[in-house]
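Peer 1: Take a look at the following structure, please.
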Amino acid sequence: MPELPDVEVYAQRLNALYAGRPLQQLRIKSVFLLRSAEVSPGALAGKRLRNVTRLGKRLVWAFDGSLYAVLHLMIAGRLHRKPPGAVLGSKQALAAWDFEDSSIVLTEAGSKRRASLYLVDDERLLEQFDRGGLEPLACSSEQFAQRMRLENRTLKRALTDPRLMSGIGNAYSDEMLHRAQLSPVKLTSSLTDEELERLHSSMQQTLIVWRDRLREAAADGFPEKVTAFHPQMAVHGRYGQPCPVCATKVQRIRHANNEVNYCPTCQTSGRLLADRALSRLLKGDWPKTLEELEELKQPKAVSPRGVSG
Ligand SMILES: [Zn+2]
């Protein structure tokens, strides 16, 4: 799932390439994509794109006339820059934002249609897409500590809950916990002040390092290889491979469809976290999938007039 670093780089490149320019049209091919009914895609035709910003893991495209397109890529949604008028031929191509010299095409791999798009015509309606999570790069260590102690949760869950923290998912939470040398299943209530401070700074460093790395890779083009798996990651997606710090084999916790990676030497005092014992501990504190966690909180309606979308 594209997380803060990925979404920020998408927003940055979209701004560099298209801000201030008129959208010729928004073409939507998939009937599952558009989840709102109040504003028709035709309303955006000819409107100037003001800017694109990140809201949690969403991209908010702001157009003249107080029109907004709010896009959540979920796990498999990706954007691609194509020649103008790109044909939405493949099953995976769901929509296109057409500009004069190029089109941005939304694709979603796999057969599940989870990516969502809402069109709204009032800035105030953007509030309901804000889950309330703290901005990880803008919060102080005091704000972070207070937020982490709000509920007694496993660290993995607390970091990836969009109500608590904004824009963090499975990949970067694995990386920041490894950097902080903390167990993913440690409970937030048991954290010392020092550990919270360490986690805060690891969180920020991880996100900044990756945002800058991805920004550099996109250079003045468009990020075409957005993935949760990178060879330079320390533990995420690296089960069985050596930890870059201590060379211990990276371990995993599998819970339903969701996998967490960690280094036992760096993070759990050498202890292996057994899947079965964990299931008990995690019961009620682990979404079956992180995707489910996102979906549980999809807005139900986007209309101030009370019409569900
Ligand atoms: Zn290690």
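Peer 1: Would you call LEU55 under 25 Å from LYS225 (Cα atoms) and in contact with a Phe, Trp or Tyr (Cβ under 6 Å, 6 or more places away or on another chain)?
Peer 2: Here the answer is yes, as LEU55 does meet what is asked.
Peer 1: Within segment 181-200, which residues are touching a residue at least 40 places away in the same chain (Cβ under 8 Å) and assigned to a helix (DSSP H, G or I)? Quick ask: steps written out before the conclusion?
Peer 2: Filtering segment 181-200 for residues touching a residue at least 40 places away in the same chain (Cβ under 8 Å) gives 181-185, 188-189, 191, 193, 196-197, 199-200.
Result: THR188, SER189, ASP193, LEU196, GLU197, LEU199, HIS200.
Peer 1: Just to check your reading of the model, which residue among GLY20, GLY42 is in a loop (DSSP other than H, G, I, E, B) and modelled with pLDDT of 95 or more?
Peer 2: Result of the check over GLY20, GLY42: GLY20.
Peer 1: Which of the residues spanning segment 201-230 are part of a loop (DSSP other than H, G, I, E, B), charged (D, E, K, R) and surrounded by 11 or more Cβ atoms within 10 Å (Cβ to Cβ)?
Peer 2: GLU224 - this is the single residue of segment 201-230 that is part of a loop (DSSP other than H, G, I, E, B), charged (D, E, K, R) and surrounded by 11 or more Cβ atoms within 10 Å (Cβ to Cβ).
Peer 1: Going residue by residue through segment 163-175, is there one that turns out to be in a strand (DSSP E or B), more than 16 Å from the ligand (Cβ to nearest atom), at pLDDT 95 or above and outside the structural domain of ARG54 (by TED's automatic domain parsing)?
Peer 2: yes
Peer 1: Moving on to the next point. Residues that are assigned to a loop (DSSP other than H, G, I, E, B) and aromatic (Phe, Trp, Tyr): does segment 25-32 have at least one?
Peer 2: Taking every residue of segment 25-32 in turn, at least one turns out to be assigned to a loop (DSSP other than H, G, I, E, B) and aromatic (Phe, Trp, Tyr).
Peer 1: Among the residues of segment 245-257, which ones are under 14 Å from GLU175 (Cα atoms) and either away from the ligand (no atom under 16 Å from the Cβ) or not in a loop (DSSP other than H, G, I, E, B) (or both)?
Peer 2: Here is the first cut: in segment 245-257, the ones under 14 Å from GLU175 (Cα atoms) are 245, 250-252.
Scanning segment 245-257 gives GLN251, ARG252.
Peer 1: Restricting attention to segment 181-190, does a residue exist that is among the aliphatic types (A, V, I, L, M) and within 17 Å of the chain's Cα centre (by Cα)?
Peer 2: No, segment 181-190 contains no residue that is among the aliphatic types (A, V, I, L, M) and within 17 Å of the chain's Cα centre (by Cα).
Peer 1: Just checking, how many residues over segment 1-42 are touching a residue at least 60 places away in the same chain (Cβ under 8 Å) and of a type in the set (Gly, Ala, Ser)?
Peer 2: Within segment 1-42, residues that are touching a residue at least 60 places away in the same chain (Cβ under 8 Å) and of a type in the set (Gly, Ala, Ser) number 5.
Peer 1: With the condition kept exactly as written, say whether any residue in segment 134-152 is surrounded by 21 or more Cβ atoms within 10 Å (Cβ to Cβ), touching a Pro at 6+ places or on another chain (Cβ under 7 Å), among the hydrophobic types (A, V, I, L, M, F, W, C) and assigned by TED's automatic domain parsing to the domain that holds ARG271.
Peer 2: no
Peer 1: Tell me whether segment 237-244 contains one or more residues that are under 27 Å from GLU108 (Cα atoms) and within 15 Å of the ligand (Cβ to nearest atom).
Peer 2: Among the residues of segment 237-244, at least one is under 27 Å from GLU108 (Cα atoms) and within 15 Å of the ligand (Cβ to nearest atom), which makes the answer yes.
The values are calculated or read from the model by the stated rules, or taken from the named source; none is laboratory data. In this text, all values refer to a predicted model and were calculated from it rather than measured experimentally. Heads up, the Cβs are rebuilt from the backbone with ideal geometry, glycines too, and the neighbour counts pull from every protein chain shown.
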